[in-house]
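Student: The structure under discussion is supplied below as structure tokens; questions concerning it will follow.
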Amino acid sequence: MLDHTTSTLLAYSFTATLISLSNATPNDKYDFIIIGGGTAGLTIANRLTELPHITVAVIEAGDKVLNNPNVTGTDKFTAALGTSIDWQYESTNQTYAAGQTVSCPAGKALGGTSTINGMTWIRGEKAQIDSWGTIGNEGWSWDELFPYYKKSENFIVPSPAQVAAGASYNAIDHGESGPLKVGYHPELQNGSLHGSVGTAWQSLGIPSTIDANGGDVRGFTVEQQTLDPDANVREDAARAFYYPFQNRANLHIHLNTTAMKVVWTSNDVDAIADGVEIISLNGSVSTINARREVILSAGSLRSPAVLELSGVGNPSILDKLGISSKIVLPGVGENLIDQPNNAIIYNSSTTFNGTTGYLAYATATDFRMNQPSDDDIPTWAEQVAAANNHAVNASSLEYLFKVQSGLLKSVANAEVFLSTGKGIGLPPSGFLATAFWLLMPFSRGSVHISSSNPLTYPIINPNYFLVDYDLKVQAAITKWVREFWMTAPMSSLASEISPGYTTLPANATETQYTKWVKTSFSSNSHSLGTAAMMPRKLGGVVDNALKVYGTANLRVVDASIIPFQISGHLTATIYAIAEKAADLIKADIK
């Protein structure tokens, strides 16, 4: 039982699968083609087809999952991992993490990763969004993005029973008329656990917070989620942005269809995306054409691969594969940032029937971790630059790291998620799981193609713990989580069974803690940055209008454009980016 529980939390199974494909009518022409029917892609498709004279085609490699119980169920978000609706990506052997490979889940269905994620709705910190403008992206700040956070949202006010179980909110921070339902789980744990957790965190200096979605996440709170509390059903992107609008005559969904590459029109200045080459279930290849734009929304782990297959990227990578360089952009596929996630399991004599979703966010000061030293940053920049063969140079990375280091003086850099067994898809039991992760790693990795065959999975190398500071932070969070469990009243509630004090003693050394961290973590599935919105000279791939540098009409709209990690979960921010992108695109429609 313990092995099953631990493996569910710490690693995802990987089974190699081929990409599902289906027929698409050749030579179709649309105003806009969107590659990827996920969180961002369906949001943009919905907003663009509000204009009846605009036609939109969405190319999605997966199928509909409207009634798939692994999707709709709100108590078992791990159930879909390793199934046919998970791309089941896997990393390379991680050099700085004991040489192991790490599973990297991503949704392969209409609705994308919103169909298989943990449904958490936490936006991040104001200062982090403001940093996007700081590095040169005019028009991107918390104040400018905040209306778009609210635009998608249809917040469901918690019931009296949910309030009694710990739910709280600030109405001013939420939207009420968007397509996407957001609220609290209808079966929150209604016993004394919430009060016990809050008391323990308070003893460690972590206050309770009314609402973590107002730009300041630090504190203890109950997670808000993308679900319909009345129906107790997951609210994914397709359920919110597609199915209620599927009868629009100008909205066309090509399911089970894989986008191979962008097709270009010859030109003397900026490259013009003329369409998308696709492959069908029977292996036939055809092209659909775009009158106005192609929008790439395939996610952080696939969008850079599509760019490279289309001749956009680093010539040193493309030349080896016989792909002609259309646009030289060495930053494509670089800047991959993910968060390593560890977990500690506790056993209690109490059976917890409800779900929890208790979140605690903390700054480095809270868990007694020193701030990065200015003297270390140039060394880290050199390490990361060397790891990416200087595709992004050390001086650019040093500048970016200094911005990130400045953020760490005030923003949260640790998240602790406490859940009952039911909350992670296990039968009600006395198990309590505490998963935790550093929020803003300095380590950077990459995603690149290894073949000109679009059916070959990209090479994913997050480079976890490349920068040793990240490992030290994760070890410090581990110690702090144990301190929480040794604080009353939690100390009398449960006992640690994994890793347990035999494996990791209470007085473990720094070496023992770091060894455990790097041998027992999983991906937090928050990969971003691989087509970063940054100035081109810093290694950026898209500008502040999300257009790929050197192109006239190719945009990237998904988590790959986010330049830094955020102290929250990606879903809310991806929706907001897509909402803003839709307005940017509409402004260009003549």
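The values are calculated or read from the model by the stated rules, or taken from the named source; none is laboratory data. No experiment lies behind these values; they were computed from the predicted model shown. Using ideal geometry, Cβ is built from the backbone for each residue, glycine included, and neighbour counts are taken over all protein chains shown.
Student: Is one or more of the residues making up the range 215-231 outside any strand (DSSP E or B), among the polar types (S, T, N, Q) and under 30 Å from residue 410 (Cβ atoms)?
Tutor: yes
Student: Please tell me if residue 239 is basic (Lys, Arg) and in a helix (DSSP H, G or I). Working first, answer last.
Tutor: Values: basic (Lys, Arg): yes; in a helix (DSSP H, G or I): yes.
Considered against the rule, which asks whether it is basic (Lys, Arg) and in a helix (DSSP H, G or I), residue 239 comes out as yes.
Student: Sticking with this structure for a sec: Can you pull out every residue in the range 372-398 that is among the hydroxyl-bearing types (Ser, Thr, Tyr) and touching a helix residue (DSSP H, G or I) at 6+ places or on another chain (Cβ under 6 Å)?
Tutor: Taking the range 372-398 as the starting set, the residues that turn out to be among the hydroxyl-bearing types (Ser, Thr, Tyr) are 373, 379, 395-396.
Once the filter is applied, which keeps residues that are among the hydroxyl-bearing types (Ser, Thr, Tyr) and touching a helix residue (DSSP H, G or I) at 6+ places or on another chain (Cβ under 6 Å), the range 372-398 yields only 396.
Student: Taking the range 129-149 as the search range and keeping residues that are out of contact with any helix residue (DSSP H, G or I) (no Cβ under 6 Å at 6 or more places or on another chain) and buried (at least 21 other Cβ atoms within 10 Å of the Cβ), which one is farthest from residue 212 (Cα to Cα)?
Tutor: 137
Student: Return the residue satisfying two criteria in turn: it lies in the range 259-314 and is of a type in the set (D, E, K, R) and free of Cβ contacts under 8 Å to residues at least 60 places away in the same chain, and of such residues it is nearest to residue 450 (Cα to Cα). Don't jump to the end; show me each part of the working.
Tutor: First, pick out the residues of the range 259-314 that are of a type in the set (D, E, K, R): 261, 268, 270, 274, 277, 291-293, 302, 308.
So of that shortlist, the ones also free of Cβ contacts under 8 Å to residues at least 60 places away in the same chain come out as 268, 274, 277.
Details: 268: 29, 274: 25, 277: 19 Å.
Only one residue fits best here, namely 277.
Student: May I pose another question? Could you list all residues from the range 157-173 that are part of a loop (DSSP other than H, G, I, E, B) and of a type in the set (Val, Ile, Thr)?
Tutor: Initial filter on the range 157-173 (part of a loop (DSSP other than H, G, I, E, B)): 157-159, 165-170.
Across the range 157-173, the qualifying residue is only 157.
Student: Further question on the same structure: Which condition breaks for residue 536 when tested against (1) surrounded by 16 or more Cβ atoms within 10 Å (Cβ to Cβ); (2) touching a residue at least 40 places away in the same chain (Cβ under 8 Å)?
Tutor: Unmet condition: (1).
Student: Six or more apart or on different chains, Cβ under 7 Å: which pairs go from a residue in the range 149-162 that's under 18 Å from residue 580 (Cβ atoms) to one that's assigned to a helix (DSSP H, G or I) and not hydrophobic (A, V, I, L, M, F, W, C)? Could you list them?
Tutor: 151/579; 152/43; 152/575; 152/579
Student: If residue 233 passes every condition in (1) at pLDDT below 95; (2) in contact with a helix residue (DSSP H, G or I) (Cβ under 8 Å, 6 or more places away or on another chain) but one, which one does it miss?
Tutor: It is condition (1) that residue 233 fails.
Student: Output the number of the condition that residue 349 fails; it satisfies all remaining conditions of (1) over 20 Å from the mean Cα position of the chain (by Cα); (2) in contact (Cβ under 8 Å) with a residue 40 or more places away in the chain; (3) surrounded by 15 or more Cβ atoms within 10 Å (Cβ to Cβ).
Tutor: (3)
Student: Right, next: For the condition surrounded by 24 or more Cβ atoms within 10 Å (Cβ to Cβ), of a type outside the set (Phe, Trp, Tyr), within 28 Å of residue 71 (Cβ to Cβ) and modelled with pLDDT under 95, what is the one hit in 432, 426? Lay out the reasoning, then the answer.
Tutor: Values: 426 fails: surrounded by 24 or more Cβ atoms within 10 Å (Cβ to Cβ).
Step by step, each of 432, 426 is checked, and only 432 is surrounded by 24 or more Cβ atoms within 10 Å (Cβ to Cβ), of a type outside the set (Phe, Trp, Tyr), within 28 Å of residue 71 (Cβ to Cβ) and modelled with pLDDT under 95.
Student: With (1) in a helix (DSSP H, G or I); (2) aliphatic (A, V, I, L, M); (3) within 30 Å of residue 536 (Cα to Cα) as the list, and residue 58 as the residue in question, which single condition is left unmet?
Tutor: It fails just one condition, (1).
Student: With the requirement that a residue be under 19 Å from residue 221 (Cβ atoms) and not hydrophobic (A, V, I, L, M, F, W, C), what does the range 102-137 give you?
Tutor: 117, 118, 120, 123, 124, 125, 126, 128
Student: Separate question: Are any residues in the range 427-472 basic (Lys, Arg) and under 22 Å from the mean Cα position of the chain (by Cα), and if so, which ones?
Tutor: First, pick out the residues of the range 427-472 that are basic (Lys, Arg): 444, 472.
Residue satisfying the conditions is 444 alone.
Student: From the list 466, 471, which residue is assigned to a loop (DSSP other than H, G, I, E, B) and within 25 Å of residue 92 (Cβ to Cβ)?
Tutor: The match here is 466.
Student: Report, ordered by the first and then the second residue, all pairs with beta carbons closer than 9 Å, sequence separation of six or more or different chains, a first member in the range 38-66 that is without any contact (Cβ under 8 Å) to a residue 40 or more places away in the chain, and a second member that is small (Gly, Ala, Ser).
Tutor: Here the result reads 50/582, each pair linking the range 38-66 to a residue that is small (Gly, Ala, Ser).
Student: Look through 530, 503, 514 and report the one residue that is within 24 Å of residue 95 (Cα to Cα), of a type in the set (S, T, N, Q), surrounded by 14 or more Cβ atoms within 10 Å (Cβ to Cβ) and without any contact (Cβ under 8 Å) to a residue 60 or more places away in the chain.
Tutor: Values: 530 fails: without any contact (Cβ under 8 Å) to a residue 60 or more places away in the chain; 503 fails: surrounded by 14 or more Cβ atoms within 10 Å (Cβ to Cβ).
None of the other options fit; the residue is 514.
Matching residues to (1) acidic (Asp, Glu); (2) part of a helix (DSSP H, G or I):
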{"position": "50", "(1), (2)": "yes, no"}
{"position": "74", "(1), (2)": "no, no"}
{"position": "82", "(1), (2)": "no, no"}
{"position": "90", "(1), (2)": "yes, no"}
{"position": "93", "(1), (2)": "no, no"}
{"position": "101", "(1), (2)": "no, no"}
{"position": "123", "(1), (2)": "no, no"}
{"position": "128", "(1), (2)": "no, yes"}
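Student: Have a look at 418, 455, 400, 432 and point out the one that is touching a residue at least 24 places away in the same chain (Cβ under 8 Å) and part of a loop (DSSP other than H, G, I, E, B). Full working, then the answer.
Tutor: Values: 418 fails: part of a loop (DSSP other than H, G, I, E, B); 400 fails: part of a loop (DSSP other than H, G, I, E, B); 432 fails: part of a loop (DSSP other than H, G, I, E, B).
After ruling out the rest, the residue left standing is 455.
Student: Mind telling me which of the residues 478, 530 ends up being in a loop (DSSP other than H, G, I, E, B), on the phi < 0 side of the Ramachandran plot, of a type outside the set (A, V, I, L, M) and touching a helix residue (DSSP H, G or I) at 6+ places or on another chain (Cβ under 7 Å)? I'd like the intermediate steps shown before the answer.
Tutor: On the way: 478 fails: in a loop (DSSP other than H, G, I, E, B).
The unique qualifying residue is 530.
Student: Of 154, 170, 190, which residue is over 29 Å from residue 348 (Cα atoms), surrounded by fewer than 17 Cβ atoms within 10 Å (Cβ to Cβ) and not β-branched (Val, Ile, Thr)?
Tutor: Working: 154 fails: surrounded by fewer than 17 Cβ atoms within 10 Å (Cβ to Cβ); 190 fails: over 29 Å from residue 348 (Cα atoms).
Exactly one residue qualifies, and that residue is 170.
Student: What is the one condition in (1) crowded, with 16+ Cβ neighbours inside 10 Å; (2) modelled with pLDDT of 95 or more that residue 5 does not satisfy?
Tutor: Answer for residue 5: the failing condition is (2).
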